[in-house]
1. Looking at (1) surrounded by 14 or more Cβ atoms within 10 Å (Cβ to Cβ); (2) modelled with pLDDT under 95; (3) out of contact with any helix residue (DSSP H, G or I) (no Cβ under 7 Å at 6 or more places or on another chain), find the lone condition where residue 276 falls short.
2. Given the conditions (1) at positive phi; (2) touching a strand residue (DSSP E or B) at 6+ places or on another chain (Cβ under 8 Å); (3) without any contact (Cβ under 8 Å) to a residue 60 or more places away in the chain, and given that residue 219 satisfies all but one, which numbered condition is not satisfied?
3. Considering (1) out of contact with any strand residue (DSSP E or B) (no Cβ under 6 Å at 6 or more places or on another chain); (2) within 15 Å of the ligand (Cβ to nearest atom), say which one residue 123 fails and leave the rest.
4. Do you know which of the residues in the stretch 191-206 that are in a helix (DSSP H, G or I) and under 23 Å from residue 35 (Cα atoms) is modelled with the lowest pLDDT?
5. For the structure I just gave you, tell me whether residue 41 is without any contact (Cβ under 8 Å) to a residue 12 or more places away in the chain and in contact with a strand residue (DSSP E or B) (Cβ under 7 Å, 6 or more places away or on another chain).
6. Answer yes or no as to whether residue 101 is at pLDDT below 95 and under 22 Å from residue 186 (Cβ atoms).
Ligand SMILES: [Mn+2]
């Protein structure tokens, strides 16, 4: 389903492009957005890089992250690239509201399994560890020179989505690509420090509160992060991305679940699995998405019933 040639044709025939990823962006969403944007600029194209949410604090070190905008105005584009995100409404903000004809051709560049993509061109490589790997392949096919900044952006997408080259998606191809990026100027240690060793002190306070909620049964481990905890720790929600790894780190836990309160009555549920459970199938039961080992969904209701429903579904997959 990776139609690289069709994407290349769109790039060659257009001059003004919009690039956008899902709201609450992660390192792959933002890194791919900016890397693709800067690569297109190198080809002489005009580019707008969009995200409905602010770039998270731990990704603001990325080159050109200050050029990502959260408003569109009434510009029109030859094509819109949706990166790391198969649904337009997950992009939210002005892009979700925009008229289809002002967005031009919709081009999906992604590595997620998806059910309903509203795109004209689909360039999805489900074997890629990160959307950044798909973007790099595209650049290699076009012959775009990888600047040190683009190398940094793409390397960041690899680190984030492969758990620092530890997860099952870490292929020989990914490591070869990573080697190319280091040769092009990416610095692994500088990127890892910026990503993982630059937390604000409130992170620890929040983690303490979240770990208090840890519970486990039948190979499932879970934690809860409420708005009340964010308030108590004076922390922002973007410091909590990795908290789900604590329940997963326990021996015998096959599936880890993080219940995160987005606002009163609205919960984001994240799933991580170690080996045999395909958590994408679990998330899909609740209209979510993701991958076999990392997936998520959003559910409205009270925590007790959401917990019962979600954990009940997880049990069926164990
Ligand atoms: Mn990704």
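1. All conditions are met except number (1).
2. Here residue 219 clears every test but (3).
3. With respect to (1) out of contact with any strand residue (DSSP E or B) (no Cβ under 6 Å at 6 or more places or on another chain); (2) within 15 Å of the ligand (Cβ to nearest atom), residue 123 is out only on (1).
4. The first filter runs over the stretch 191-206 and keeps only residues in a helix (DSSP H, G or I), leaving 191-196, 202-206.
If we keep only those that are under 23 Å from residue 35 (Cα atoms) too, we end up with 191-196.
Working: 191: 98, 192: 96, 193: 96, 194: 95, 195: 93, 196: 90.
The qualifying residue modelled with the lowest pLDDT is 196.
5. On the way: without any contact (Cβ under 8 Å) to a residue 12 or more places away in the chain: yes; in contact with a strand residue (DSSP E or B) (Cβ under 7 Å, 6 or more places away or on another chain): yes.
Answer is yes for this residue.
6. Working: at pLDDT below 95: yes; under 22 Å from residue 186 (Cβ atoms): no.
Criteria not met by residue 101.
Conditions (1) part of a helix (DSSP H, G or I); (2) outside the structural domain of residue 258 (by TED's automatic domain parsing), marked per residue:
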position: 176; (1), (2): yes, yes
position: 189; (1), (2): yes, yes
position: 208; (1), (2): yes, no
position: 213; (1), (2): no, no
position: 221; (1), (2): no, no
position: 228; (1), (2): yes, no
position: 238; (1), (2): yes, no
position: 243; (1), (2): yes, no
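Conditions tested, residue by residue: (1) in the same structural domain as residue 292 (by TED's automatic domain parsing); (2) closer than 23 Å to residue 1 by Cα; (3) out of contact with any helix residue (DSSP H, G or I) (no Cβ under 8 Å at 6 or more places or on another chain).
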position	(1), (2), (3)
81	no, yes, no
98	no, no, yes
119	no, yes, yes
129	no, yes, no
136	no, yes, no
161	no, yes, no
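The values are calculated or read from the model by the stated rules, or taken from the named source; none is laboratory data. Nothing here was measured: the structure is a model prediction, and the numbers come from that model. Methodologically, a virtual Cβ is constructed for each residue, glycine included, from the backbone with ideal geometry; neighbour enumeration extends over all protein chains shown.
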